[in-house]
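Heads up, the thing below is written out as structure tokens.
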Amino acid sequence: MEPQTLLARITDYASRPDPYPLYAELREAGPVAQQADGSYLVGTYHEIAALLHDPRMSVDPRTQGEVTHKPPFLRLDDPEHHRLRTLAMRPFGPPHSPGRVDSMRGEIDRIAGELMTSFEAGRQIDLVDDFAYPLPVAVICRLLGVPREDEPLFSAWSDALVTAADVRPEDDTAETDKAGEQARVEMGGYLVNLAEQRRGNPGDDMLSAFVNEPDPDLRLTQEELAVTAVLLLIAGHETTVNLITNGALTFLRRPEQLDLLRRAPDLLPRAVEELLRYEPPVHMRERIPRADMDIAGTKVPQHASVILALASGNRDPVRFQDPDRFDPTRADNQHLGFGSGIHACFGGPLARVEAYAALGALLPRLGSARLVEDPPPYRQNAMLRGPRHLPIQL
């Protein structure tokens, strides 16, 4: 097959259960492979890592003139990105709120325990719908201050936004883009209204912190509050659902590794890092050159779409020994699962804590469980890859 069709084949739904042979083909085609749609696909670890740190690469879609509204800080360049990310970080983590994530550990364990009360022997469950999805949704809603009864509202909004953000080189995206924009407006409006209810009457949540910031120089505008809150809510659960589900699936497929982790649960943090390498929740990220560039000997024009295949870099044999083997004892593991550089995943520390709690709670139950369907049905999304359902027999 021609390298020019690799992106279309990788994003084809038929490849969702196992895109890794295509990533190997991409690496063999060279560090950079131009695609039929005019984009450039990068699949080797060192080139991806360098581009994630390269200030000549933009993340802002307005660079290509595609978007008129202001994107979330995830899709902004410095200095706008640095300002908004810093403001969003104040009520979330160090140095201003160093205990926020750690203080959630007990709550996360409690939520996981509550969800598992229905896990009865002999019963068939859907690990996504019954556990991996509701846990991170509950956690991020508690952090932001969303009432528990409103949590179901976010499923349809999130689906529309994530679909609109996917990489789809051969599809007409007008309809999904419109649905994503409508979801962004509706979700942002809901969260801003919720935040306004906390103005002058704060709770111990991030929306309260945003609208009650006493320093006018550190306040978000209403538009910034809307896009930041939407980003935090979606990014705060979408990737973690995949991390938990991919982890459980990986363990169930490898009884010897599952048995090792059940006997040595102290290996779980290292196993989570290996999951972030071996079956990462995010497979691709886009970058846009601000000027014509030479990337590993390939001339890439200004404003082209450069797709960094993070999941391919994570399986690069030049960087990782025996990269297609899941090894929960792997020590040298500087993976790209949370990206790298100034746009490294904002919620990585929280995702790790949630994965430790979720997979740690599941380990005792998975030893006697079996997969009902393998491969399971996957989500349509190629960028945020994970099973849509994971039926298991307890």
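The values are calculated or read from the model by the stated rules, or taken from the named source; none is laboratory data. Model, not experiment: these values are computed from the prediction. No Cβ is skipped: glycine too gets one built from the backbone with ideal geometry, and neighbour counts run over all protein chains shown. In case anyone asks, the SASA skips ligands and DNA or RNA and just uses the protein heavy atoms, side chains included. Shrake-Rupley method; radii C 1.70, N 1.55, O 1.52, S 1.80 Å.
With a length cut of 18 Å (Cα positions projected on each helix's long axis) and a Kyte-Doolittle mean of at least -1.0, go through the chain and give me the DSSP H helices that pass. Taking the DSSP H segments of the chain (at least 18 Å long, mean hydropathy at least -1.0), we get 174-198, 222-235, 238-253, 348-366.
Binning the C-alpha pair distances of the chain at 10 Å intervals from 0 yields a P(r) profile of 5, 23, 33, 27, 12, 1, 0 %, listed from the shortest bin outward.
What is the dipole size for the chain, taken about its Cα centre, with +1 at each Lys and Arg Cβ and -1 at each Asp and Glu Cβ, in debye to the nearest 20?
Details: 42 positive and 59 negative charges, 152 e Å.
Value, rounded to 20: 720 debye.
For the range 1-50, the share of accessible area belonging to carbon and sulfur comes to 54 percent (1.4 Å probe, ligands and nucleic acids excluded).
Between Asp12 and Gln197, what length comes free when the chain is fully extended (0.36 nm per residue of separation minus the Cα-Cα distance, one decimal in nm)?
Details: separation 185, 0.36 × 185 = 66.60 nm, distance 4.42 nm.
Contour length minus the Cα-Cα distance gives 62.2 nm.
Residue farthest toward the positive end of the dipole of the chain, with Cβ of Lys/Arg at +1 and Asp/Glu at -1: which of Pro61, Ala291, Gly360? Of the listed residues, the answer is Gly360. Using a probe of 1.4 Å, the accessible surface attributed to Tyr133 totals some 60 Å² when neighbouring protein chains are kept in position.
In the range 203-288, with Lys and Arg counted as +1 and Asp and Glu as -1 at Cβ, which of these residues, Leu258, Ala209, Ala271, has the Cα nearest the positive end of the dipole, that is, farthest along it? After comparing all options, I get Leu258. Each of Asp374 and Val185 was given a label point 7 Å from its Cα along the Cα-to-Cβ line. The distance between the two points is 4.7 nm.
Working from label points 7 Å from Cα in the Cα-to-Cβ sense, the Arg148 to Asp54 distance is 4.9 nm.
Compute the FRET efficiency between Asp109 and Met89 as 1/(1 + (r/R0)^6), taking r as their Cβ-Cβ distance and R0 = 25 Å, and round to the nearest 0.05.
Numbers: r = 25 Å, r/R0 = 0.98.
Efficiency, from the Cβ-Cβ distance: 0.55.
Note on Leu232: accessible area approximately 20 square angstrom, rounded to 10, probe 1.4 Å, nucleic acids and ligands left out.
Can you tell me the accessible area per residue over the range 228-347, all protein chains present, probe 1.4 angstrom, in square angstrom?
Working: 4170 Å² over 120 residues.
Value for the range 228-347: 35 Å² per residue.
Largest GNM mean-square fluctuation across Ala195, Ala264, Ala33, computed for the chain with C-alpha springs under 10 Å, falls on Ala264. Note: relative contact order over the range 1-113, using C-alpha pairs below 8 Å and six or more positions apart, is 13 percent.
Over the chain, what is the relative contact order in whole percent, taking alpha-carbon pairs under 8 Å and six or more residues apart?
On the way: 602 pairs, mean separation 100.9, N = 394.
Relative contact order comes out at 26 percent.
Could you calculate the contour length gain from Thr5 to Asp292, that is, 0.36 nm times the residue separation minus the distance between their Cα atoms, to one decimal place in nm?
On the way: separation 287, 0.36 × 287 = 103.32 nm, distance 2.30 nm.
Residue separation times 0.36 nm, minus the Cα-Cα distance, leaves 101.0 nm.
With label points built 7 Å along Cα→Cβ from the Cα atoms of Leu267 and Gln222, find their separation and express it in nm. So the label points at Leu267 and Gln222 sit 5.5 nm apart. Dipole of the range 111-179 computed with +1 at Lys/Arg Cβ and -1 at Asp/Glu Cβ about the Cα centre; of Pro152, Leu115, Val128, farthest Cα towards the positive end is Leu115. Within the accessible area of the range 59-156, what % is carbon and sulfur when the probe is 1.4 Å and the other protein chains stay in place? Carbon with sulfur: 55 percent of the solvent-accessible area. Our note on the geometry: Cα centres of the range 115-132 and the range 251-299, 26 Å apart.
With only Lys, Arg, Asp and Glu charged, each at its Cβ (+1 for the first two, -1 for the last two), find how big the charge dipole of the range 173-311 is about the Cα centre; round to the nearest 20 debye. Can you show the working numbers first?
Numbers: 15 positive and 22 negative charges, 102 e Å.
Dipole about the Cα centre, nearest 20: 480 debye.
Using a 1.4 Å probe on the protein chains only, how many percent of the accessible area of the range 223-297 belongs to carbon and sulfur? The partial results should precede the final answer.
Values: 1150 of 2310 Å².
Carbon and sulfur atoms account for 50 percent of the accessible area of the range 223-297.
Adding -39500 (n - 2.57) for every DSSP H run of four residues or longer, then dividing by how many residues the chain holds, sets the calculated 222 nm ellipticity at -13500 deg cm²/dmol.
Go ahead and run the numbers for FRET between Asp332 and Arg254, Cβ-Cβ distance against an R0 of 25 Å, rounding to 0.05.
0.80
One chain, two ends: Asp37 and Ser155. Fully extended at 0.36 nm per residue, the span grows by 39.3 nm beyond their Cα-Cα distance.
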